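The next block holds one structure in the form of structure tokens; read it before the comments.
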Amino acid sequence: MPDIARVERLEVRVGGLSRSQLLSKLNSRGILVNGHAETLLKDVDFDDQAARPVVVTERTVAELGLDCGATLPQIFEVARQQGLLLCPMDTGPYLRMALNEQVTSSDSVMSSGRAPDGALTVASEALSRDDDYPKGFYLRVVDGQAWLRGYRCDDEHTWSPDDRFIFQLPPLPA
């Protein structure tokens, strides 16, 4: 496996743009979105959110202690037990714009029923319990092109131990 740049600790300014401003900014930076991401971006969660700092970190499923893989509910529960938080849903687009060092995927397959090579899945609470509605975002670079992609899965889907997730770190005590 190639040496992959990790997100150890990154503060991202999330929110502060209207939905149209956000879409325009993604477009002006050449960031591509898939249909699932477009669906998520139409949600009211992206309406007039105040700008705020979100500090994120990366963990693989195995680093959470789930060496055989796990479902999203299991991954999220173990992460919470370890003091990690889910990211606000609107973190994905802002993180995509802030993350300039993501390694290009070694394959260009866009959808295969598993997390794609090199993908960083943003851990967030689903906006809908409907399995046909996208659950969240993942970030990927394919052939040098940055993508913000939405994904769908049900609560039974098992994620690989190598799959990479972005979690929010709790605020530091004052």
Report task. Run Thr60 past the list (1) within 14 Å of Leu148 (Cβ to Cβ); (2) in contact with a Lys or Arg (Cβ under 6 Å, 6 or more places away or on another chain) and report the number of the one that doesn't hold. Result -> (1)
Report task. Answer yes or no: is there a residue in the range 74-87 that is of a type in the set (Gly, Ala, Ser), modelled with pLDDT under 95 and either over 24 Å from Val54 (Cα atoms) or part of a helix (DSSP H, G or I) (or both). Result -> no
Report task. Hey, could you check the range 29-54 for residues that are assigned to a loop (DSSP other than H, G, I, E, B) and without any contact (Cβ under 8 Å) to a residue 60 or more places away in the chain and say which is nearest to Val142 (Cα to Cα)? Result -> Lys42
**Report entry** Within the range 127-152, considering residues that are of a type in the set (A, V, I, L, M) and in contact with a helix residue (DSSP H, G or I) (Cβ under 8 Å, 6 or more places away or on another chain), the one nearest to Gln168 (Cα to Cα)
**Finding:** Leu139
Query raised in the report: How many residues are among the charged types (D, E, K, R) and surrounded by 14 or more Cβ atoms within 10 Å (Cβ to Cβ) if we restrict to the range 7-41?
Result: 2
Query raised in the report: Mind checking whether some residue in the range 10-21 is under 26 Å from Asp131 (Cβ atoms), charged (D, E, K, R) and assigned to a helix (DSSP H, G or I)?
Result: yes
Report task. Residue by residue through the range 147-174, note down the ones that are over 13 Å from the mean Cα position of the chain (by Cα) and hydrophobic (A, V, I, L, M, F, W, C). Result -> Cys153, Trp159, Leu169, Leu172, Ala174
Query raised in the report: List pairs: first in the range 126-150 and touching a residue at least 60 places away in the same chain (Cβ under 8 Å) and over 13 Å from Leu32 (Cβ atoms), second assigned to a loop (DSSP other than H, G, I, E, B) and charged (D, E, K, R), Cβ under 7 Å, 6+ apart or cross-chain?
Result: Leu127/Asp43; Pro134/Arg152; Lys135/Arg152
Query raised in the report: Where residues in the range 5-55 are out of contact with any Gly (no Cβ under 8 Å at 6 or more places or on another chain) and of a type in the set (Gly, Ala, Ser), which of them is farthest from Pro93 (Cα to Cα)?
Result: Ala5
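The values are calculated or read from the model by the stated rules, or taken from the named source; none is laboratory data. Everything numeric here is computed off the predicted structure, so don't read it as measured data. Every residue, glycine among them, receives a Cβ derived from its backbone with ideal geometry; neighbour counts consider all protein chains shown.
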